[in-house]
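Below is one structure, written out as structure tokens; the observations come after it.
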């Protein structure tokens, strides 16, 4: 036996093993750390510390911050009703694992409070509330001429998606979550498409490439089915059309103009693309400012930031398959606009929503904005009323109606 001949393959194999260890062990450790961080018992900490686990891109605050007038915290209504059941308001807020709660009416803070580690200057992940910001940026990009029309096909801007589920799909259908793309958004199922996406994101894989792997199963524009990757495609179009990153475009067009008090940040993938569908992290009062912007039809203290027509189109249900009770919708009880949810009712309400009960709720009739950040450990339990969006909406309505009269300002911090 020739020992010299045996030594060479052994050393080659050993070298390969060492290199593989150097390359993959840190990634494996990262995955395990994120898995532990996202365990339900740990999400209270994780949701206010997402920058510990992912690359981020900073969105700079305004040099001229807008500060809401405020009064001493009002006593919240003791109870509210939903589907014949009575809920204790404070118990509901606690049992839904609320971390930050802000109630604004008539441009004045009526109630603001924090729990479970969040504070007024601590950023909390938006999850899918970020989708509504992407919609606003899209409207601005159209107004500025970067994008011609929502009736254009996606592939006119993104030829790399030809042959995917987005081939032949109009931008309008992407905005309205009606692409027909096959996608399972079940967060509690580790094998679902949304969790397949999440695993890729953890490894730093390209979100653009993930979008190109999806296929179509329904005729576009006929069925309302929430697909988070739709929003990523909108983000891809904004970046391609404007030549700017989502971070820079948000900062220039919205974040600074609306007088934000704190920096925000986007989570990004390994190629530097922001998680458009849910990776914005910001402070509670700054989340409220997009609520104020849309409450005032895109106008901020006399400056039209988002086109008024876009705000109106974004927050109205215009087609049968988008109606709350449509048989052609996967989301009974809620209508859908351009990346905004529209509940049943006659007060013009609409809201941004993220998993684990993140909300920006706007009621134009009562001049109300409510923002809620949460880390609801019961979110996957569909039978739990403290995790249900419909119960949350009834809480917001109860607050909105209980304080709807004009409020005298006791003090203004500026």
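Data for the structure
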{"item": "1 or more residues over 28 Å from residue 324 (Cα atoms): qualifying helices (runs of 4 or more DSSP H) within the stretch 165-266", "result": "193-202, 207-212, 228-242, 246-250"}
{"item": "Filter result for residue 139 (within 21 Å of the chain's Cα centre (by Cα), modelled with pLDDT under 95, closer than 26 Å to residue 268 by Cβ and surrounded by 14 or more Cβ atoms within 10 Å (Cβ to Cβ))", "result": "no"}
{"item": "Residue that is surrounded by the fewest Cβ atoms within 10 Å (Cβ to Cβ) [pool: residues in the stretch 334-347 that are out of contact with any helix residue (DSSP H, G or I) (no Cβ under 6 Å at 6 or more places or on another chain) and modelled with pLDDT of 95 or more]", "result": "342"}
{"item": "Given (1) within 30 Å of residue 33 (Cα to Cα); (2) at pLDDT 95 or above; (3) surrounded by fewer than 16 Cβ atoms within 10 Å (Cβ to Cβ), index of the condition residue 156 fails", "result": "(1)"}
{"item": "Test: residue 44 is in contact (Cβ under 8 Å) with a residue 60 or more places away in the chain and either outside any strand (DSSP E or B) or surrounded by 14 or more Cβ atoms within 10 Å (Cβ to Cβ) (or both)", "result": "yes"}
{"item": "Every pair of residues 6+ apart whose Cβ atoms lie under 6 Å, when the first sits in the stretch 269-297 and is within 13 Å of residue 246 (Cα to Cα) while the second is in a loop (DSSP other than H, G, I, E, B) and at pLDDT 95 or above", "result": "280/126"}
{"item": "Within the stretch 360-392, tally of residues that are in contact with a strand residue (DSSP E or B) (Cβ under 8 Å, 6 or more places away or on another chain), surrounded by fewer than 23 Cβ atoms within 10 Å (Cβ to Cβ) and closer than 19 Å to residue 77 by Cβ", "result": "5"}
{"item": "Selection within the stretch 134-158 - under 20 Å from residue 212 (Cα atoms) and assigned to a helix (DSSP H, G or I)", "result": "134, 154, 155, 156"}
{"item": "Candidates 189, 167 - the one that is more than 18 Å from residue 315 (Cα to Cα) and modelled with pLDDT under 95", "result": "189"}
{"item": "Residue list for the stretch 51-65, restricted to those being within 19 Å of residue 120 (Cα to Cα) and assigned to a strand (DSSP E or B)", "result": "58, 59"}
{"item": "Among the candidates 209, 199, residue that is more than 20 Å from the chain's Cα centre (by Cα), surrounded by fewer than 18 Cβ atoms within 10 Å (Cβ to Cβ) and assigned by TED's automatic domain parsing to the domain that holds residue 377", "result": "209"}
{"item": "Qualifying position, being farther than 17 Å from residue 331 by Cα, out of contact with any helix residue (DSSP H, G or I) (no Cβ under 8 Å at 6 or more places or on another chain) and touching a residue at least 12 places away in the same chain (Cβ under 8 Å), among 242, 213, 231", "result": "213"}
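The values are calculated or read from the model by the stated rules, or taken from the named source; none is laboratory data. Model, not experiment: these values are computed from the prediction. Note that each Cβ is placed from the backbone with ideal geometry, even for glycine, and that neighbours are counted across all protein chains shown.
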